[in-house]
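Each remark here refers to the structure printed beneath this line.
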Amino acid sequence: MTHYNWLEAINITEEMVMKTETNRRLPVIWISALDCTGCKEAFTRSFEPTMLDTILNFISLEYSELLSLASGEQIEAHKESIFAEYKGEYILAIEGSIPRRDDFLLIAGKSVREEIRRASRNAKAVIAIGSCSAWGGIPAAGINPTDSVDIKTMIPEDVPLVLVPGCPPIPEAIIGTFLHVHFHGVLPELDKKNRPKIYYQKTVHMTCHRKPFFDQKLFAESYDDEGAKKGYCLFKLGCKGPSAFNACESIGYDRCIAAGFPCIGCSEKGFWDKGGFVARRKK
């Protein structure tokens, strides 16, 4: 497995990095809808580049209900100033699914739906961070008591949209998408589902470090058998890697499968209703 190189991943050179560090950073407004803040947690845990490097040198996180130092009237007033000063230049990041009932979520006493619609109108692009904003996620699963929907139903059709799904998304995929816009001025190449091909062009299975065992039909039958101890394929324990498009294994950092837990397909639409954390049971 090769080590992830973020410069190569988004097709930039070190010279481009040095040049842009002195230029204006990319303004980002990050609005949270119904979420667990796990996507922000992932954002803070990127290895290469780190969140600190990203914020100090490349993007300017102008608004976040959780990460902004200011709060209340101060941060809301600052958000309004960003709308005006950076019209058509800022990125709107949305985390969480959007409830169609105001009694489940308001932002500063205002409808989260209207705030997202208003913020998206003058955004350079909207980035849906996480499976909740991309597909509806866990809040929209099952009987969906919050009447939650994904971001696509909330924003104008002419606003550029990119989905970075996962529960949570891979930290480097979040930051890499921001940085692609920062360095190239446009969204990365997207697949037919609006996901960056850089991170979602292959299934987890195709790049899995356990795939050689799959090819040899060597499978763990339980979490504590000899096969599991030897690192055998986890397909029989419910691994959804063959149908999940994500860069969990290809980027090169240890994640779920390396820890001995099968892929739950968290980057795919409706993953919770399709089984979530429930593994296949032996008949």
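Rule-based calculations on the coordinates, nothing more; no lab input. Because the structure is a prediction, the values reported are computed rather than measured. Here the Cβ positions follow ideal geometry from the backbone for every residue, glycine too, while neighbour counts run over all protein chains shown.
Taking every DSSP beta bridge with both residues inside the chain, roughly what % is antiparallel (nearest 5)?
25
Considering only DSSP beta bridges whose two residues both sit in segment 34-147, what percent are antiparallel, to the nearest 5?
Expressed as a percentage, antiparallel bridges in segment 34-147 total about 40.
For residue 149, list long-range residues whose amide hydrogen, built 1.01 Å from N in the peptide plane, is under 5 Å from its own amide hydrogen.
Under 5 Å from the amide H of residue 149 lie the amide H atoms of 98, 100, each far enough along the sequence or on another chain.
So how long is each side of segment 177-253 along the principal axes, counting just the alpha-carbon atoms, biggest first, in Å?
For segment 177-253, the Cα extents along the three principal axes come out at 51, 23, 18 Å.
List the residues whose amide H sits under 5 Å from the amide H of residue 190, counting only those 5 or more places along or on another chain, with H placed 1.01 Å from N in the peptide plane.
Amide H neighbours of residue 190, under 5 Å, 5+ apart: 197.
Label-point separation (nm) for residue 147 and residue 65, each offset 7 Å from Cα along Cα-to-Cβ?
Modelled inter-label distance: 1.9 nm.
What number in nm² do you get for segment 72-150 if you take the convex hull of its Cα atoms and divide its surface by four?
Across all orientations, segment 72-150 yields a mean hull projection of 5.2 nm².
Any idea what angle helix 171-184 forms with the longest principal axis of the chain, computed on alpha-carbon atoms, 0 to 90 degrees, nearest 10?
Helix 171-184 and the main axis of the chain meet at about 50 degrees.
Stick to the Cα atoms of the chain, pair each with every other, and give me the Kirkwood hydrodynamic radius in Å at one decimal.
19.7
Using θ = phi - 60° and the Karplus curve 6.51 cos²θ - 1.76 cosθ + 1.60, what whole-Hz ³J(HN,Hα) does each residue of segment 60-69 get, with Gly and Pro shown as x?
10, 6, 7, 8, 7, 4, 9, 8, 5, 5
Using alpha-carbon positions, what is the distance between the centroids of segment 171-217 and segment 16-66, in Å?
Comparing the Cα centres of segment 171-217 and segment 16-66, I get a distance of 19 Å.
Set the Förster distance to 30 Å, then compute FRET efficiency between residue 122 and residue 189 from the Cβ-Cβ distance, nearest 0.05.
Approximately 0.75, to the nearest 0.05.
Search the structure for amide H atoms under 5 Å from the amide H of residue 59, placed 1.01 Å from N in the peptide plane, and list their residues when 5 or more places away or on another chain.
When sequence neighbours closer than 5 places are left aside, the close amide H contacts are 26.
As a test of the definition: which semi-axes, in Å, follow for segment 28-122 when you take the square root of five times each eigenvalue of its alpha carbon gyration tensor? Largest first, please.
Result for segment 28-122: semi-axes of 22, 17, 12 Å.
Tell me, what are the semi-axes, in whole angstrom and largest first, of the equivalent ellipsoid of segment 55-196 as set by the roots of 5 times the Cα gyration tensor eigenvalues?
Working: eigenvalues 97, 83, 39 Å².
Output for segment 55-196: semi-axes of 22, 20, 14 Å.
On average, how much area does the Cα convex hull of segment 135-184 cover when viewed from any direction, in nm²?
4.4
Just subtract the alpha-carbon distance of residue 100 and residue 41 from 0.36 nm times their residue separation and send over the number in nm, one decimal.
18.7 nm
Please give the length that would be gained between residue 114 and residue 53 if that part of the chain were fully extended, namely 0.36 nm times their separation in residues minus their C-alpha to C-alpha distance (nm, one decimal).
18.7 nm
Short version: ³J(HN,Hα) in whole Hz for each residue of segment 225-234, in order, from phi by Karplus 6.51 cos²θ - 1.76 cosθ + 1.60 (θ = phi - 60°), x for Gly and Pro, what are they?
Calculated HN-Hα couplings, in order: 8, 5, x, 5, 5, 8, x, 5, 4, 9 Hz.
What's the angle, to the nearest 10 degrees (0 to 90), between helix 72-85's Cα axis and the longest principal axis of the chain?
Once rounded, one gets 80 degrees.
Determine the alpha carbon to alpha carbon distance for each of 152/193; 217/240; 192/269; 152/202; 79/110 and list only those over 18 Å. If you can, show how the numbers build up before the last one.
On the way: 152/193 11 Å; 217/240 16 Å; 192/269 14 Å; 152/202 23 Å; 79/110 14 Å.
Over 18 Å apart, Cα to Cα: 152/202.
If you line up the long axis of helix 112-121 against the longest principal axis of the chain, both from Cα atoms, how many degrees apart are they, to the nearest 10?
Tilt relative to the chain: about 70 degrees.
Quick one: plug the Kirkwood hydrodynamic radius of segment 55-104 (C-alpha pairs) into Stokes-Einstein at 20 °C, 1.002 mPa s, and report D in µm²/s.
The diffusion coefficient I find is 168 µm²/s.
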